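To start, the structure itself, in structure tokens.
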Amino acid sequence: MQCVNSYGPGLPTVVKRARSQGWTGPLVIAETGPLGHWQAQITNWKASIEPSSDKKATDLDGYMTQLKGKVQGTIIFYWGTKIEATPTWHSFLLPFSNNEYERTAEVLAKQWGGRLPNGAPRIGSLSFQDGKNKNRWNKDEVPTATLAVSDPNNDSIKVRWSVLKERTDAAGDDVTSTAIKSSNNTGAILNLGPLPSGGYRLYMAALDNKGAAATANLPFY
């Protein structure tokens, strides 16, 4: 048996690549997950652009479906909260909270023969309110983010917003709560005045108060 690691868009071809190197025995995907931060597109200040929890879930579902019958098993990289690149990139459970599960956990239940009783909130879109997808501002500008979110079970949703300084090392970064001027379930207005120049991320987490959540973030400078 051979164990291989592969993430995101590398998964559909991992079996073919292993066979092309001469391996004919059983295969196990020993470490995997959605798109890795090293595979993602980046901004011009080198910040990786993280998919929403919904995008991660739908992609992972498709990748794992393509692997069925071709491998003997699949092991997820990390079950829980993993702070790497961002607090949410590799997390299947919501960080800084009560371990609410995200839609990626629903995918695992489906793929591994289980079923979750309650669907996580769904993010339709998160963007800065600018037709050109602007993500750099001066201190006197007032960026506005807009959010579209729903719940498959029509549960009530509460959205939390925060701004974190872009990560520069493995130790993590401080929450900058003063950067949120106002917010609600459909968006947030930022206050850039108190922020030193540099890279940041606007994070949102939508909770349904029944143990499930959805996450997304936008890098800005």
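Table for the structure above
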{"read-out": "Residue match in the range 23-35 (condition: in a loop (DSSP other than H, G, I, E, B) and touching a helix residue (DSSP H, G or I) at 6+ places or on another chain (Cβ under 6 Å))", "value": "yes"}
{"read-out": "Test result for HIS37, under 29 Å from PRO117 (Cβ atoms), of a type outside the set (Asp, Glu) and at pLDDT below 95", "value": "no"}
{"read-out": "Which numbered condition THR43 fails, given (1) modelled with pLDDT of 90 or more; (2) more than 23 Å from ARG167 (Cβ to Cβ)", "value": "(2)"}
{"read-out": "Among residues of the range 1-22, those that are in a loop (DSSP other than H, G, I, E, B) and under 28 Å from PHE128 (Cβ atoms), counted", "value": "1"}
{"read-out": "Residue satisfying all of: in the range 67-113; small (Gly, Ala, Ser), in a loop (DSSP other than H, G, I, E, B) and in contact with a Leu (Cβ under 8 Å, 6 or more places away or on another chain); nearest to SER53 (Cα to Cα) among these", "value": "GLY80"}
{"read-out": "Criterion violated by LYS46 - all others in (1) surrounded by 14 or more Cβ atoms within 10 Å (Cβ to Cβ); (2) more than 15 Å from the chain's Cα centre (by Cα); (3) of a type in the set (D, E, K, R) satisfied", "value": "(1)"}
{"read-out": "Verdict on LYS46 being under 28 Å from LEU202 (Cβ atoms), out of contact with any helix residue (DSSP H, G or I) (no Cβ under 6 Å at 6 or more places or on another chain), charged (D, E, K, R) and part of a helix (DSSP H, G or I)", "value": "no"}
{"read-out": "Yes/no for ILE123 being more than 21 Å from ASP155 (Cβ to Cβ) and among the β-branched types (Val, Ile, Thr)", "value": "no"}
{"read-out": "Every residue from the range 193-221 that is more than 20 Å from THR88 (Cα to Cα) and either under 21 Å from the mean Cα position of the chain (by Cα) or modelled with pLDDT of 85 or more (or both)", "value": "SER197, GLY198"}
{"read-out": "Identity of the residue in the range 156-167, touching a strand residue (DSSP E or B) at 6+ places or on another chain (Cβ under 8 Å) and part of a loop (DSSP other than H, G, I, E, B), that ends up modelled with the lowest pLDDT", "value": "ARG167"}
{"read-out": "Selection count, the range 114-128, where residues are in a loop (DSSP other than H, G, I, E, B) and of a type in the set (A, V, I, L, M)", "value": "2"}
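The values are calculated or read from the model by the stated rules, or taken from the named source; none is laboratory data. From a predicted model like this one, the values you see are computed outputs, not experimental measurements. Here Cβ is always computed from backbone atoms with ideal geometry, including for glycine, and neighbour counts include all displayed protein chains.
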